[in-house]
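Trainee: Got a structure here, written out as structure tokens. Questions coming.
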Amino acid sequence: MAFGEQPAYLRVADDLRQQIADGTLPPHTRLPSQASIRSTYGVSDTVALEARKVLMAEGLVEGRSGSGTYVRERPVPRTITRSGYRTLGDCTPFRQEQADERVRGTWEARSERVEAAPGIAERLAIDAGEPVMCTRYVFRVGTEPAMSSTSWEPLRLTGRTPVMLPEQGPLAGRGVVERMAAIDVIVDNVAEEVEARPALAAEARVLGGLPGHPVLVVSRTYRAGCLPVETADVVVPADRFRVAYHLPVR
């Protein structure tokens, strides 16, 4: 094989992917059989199988037991709008993650005290193993899961205060900024990093889809000055939603 030449299975996958993209193979159409691929492209059964595996891993096709492999319907992505930290006022965990006031949704959450793993401890500028409050959220638009979030807050900061549990107490569900202000911690900046990766099995169970389908992960840290007060990983199914940022100009 010449330098730079694609393996045969990738060339076949590229051609089938283009047919899906241009509508030659529309949603719900059965993908050509392994024998048909072998005949059309002059390749082996192994190459035909590997090409189909590539398309399946990309989420473009899905297998149906006893029926074959079919082109998946590609939903039009909806937007999750982010706008930095929310100021005091009408802010809920849902609004904290989806800043578009026109979008309504609900959330559910559960909290537990855990020891900070090394990566989380680094983000919170604490020692590994220190106690943190871990809260896991699922956010829905209507009945559809739109995103999940796992947040961590250092108990050295919130322990033995009315805001130790984000979803209980006098400021239950009010968002990080308002809860921290109640204990005289003024959040004034937030940092976010966005990466794409395949969904883990546990994430797919919560958000729908299959393990390996793409998700966007927003790693966020709220700070009061240089002091991290909360860090979270927000997971968004990338085949159904896109993330948009509306940021103020200072």
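The values are calculated or read from the model by the stated rules, or taken from the named source; none is laboratory data. The shown structure was predicted, so the numbers you read here are calculated from the model rather than taken from an experiment. Cβ atoms come from the backbone with ideal geometry, glycine included; neighbour counts cover every protein chain shown. Each accessible area value is taken on the protein alone, full model and side chains, heavy atoms only, with ligands, DNA and RNA left out. Shrake-Rupley method; radii C 1.70, N 1.55, O 1.52, S 1.80 Å.
Trainee: Enter the angle in degrees (range 0 to 90, nearest 10) between the Cα long axis of helix 8-21 and the first principal axis of the Cα atoms of the chain, meaning the one along which they spread out most.
Mentor: Between the helix axis and the principal axis of the chain, the angle is about 70 degrees.
Trainee: Shifting gears a bit: Using unit Cβ charges (K, R positive; D, E negative) and no other charged atoms, how large, in debye to the nearest 20, is the dipole of the chain about its Cα centre?
Mentor: Details: 31 positive and 32 negative charges, 115 e Å.
Charge dipole, the chain, about its Cα centre: 560 debye, nearest 20.
Trainee: With a 1.4 Å probe and every protein chain left in place, work out the accessible area per residue of the chain in Å², rounded to a whole number. The partial results should precede the final answer.
Mentor: Values: 13370 Å² over 250 residues.
For the chain, the solvent-accessible area averages 53 Å² per residue.
Trainee: Tell me the carbon and sulfur percent of the accessible area for the chain, rounded to whole percent, probe radius 1.4 Å.
Mentor: Looking at the chain in its full context, I get 53 percent from C and S.
Trainee: Average the reciprocal distances over every distinct pair of alpha-carbons in segment 78-245, invert the result, and give the Kirkwood radius in Å.
Mentor: Mean inverse Cα-Cα distance, inverted, gives 16.1 Å.
Trainee: Given the DSSP H assignment, sum -39500 (n - 2.57) over each helix run of at least 4 residues in the chain and divide by its residue total; what's the result at 222 nm in deg cm²/dmol, nearest 500? Spell out each step's value before the answer.
Mentor: Values: 8 runs with 64 residues, N = 250.
Mean residue ellipticity at 222 nm (helix-derived): -7000 deg cm²/dmol.
Trainee: Put +1 on the Cβ of every Lys and Arg and -1 on every Asp and Glu Cβ in segment 8-71; which of 21, 51, 34 then has its Cα farthest towards the positive end of the dipole?
Mentor: 34
Trainee: With everything on Cα atoms, drop me the angle between helix 45-57 and the longest principal axis of the chain, reported from 0 to 90° to the nearest 10.
Mentor: Tilt relative to the chain: about 30 degrees.
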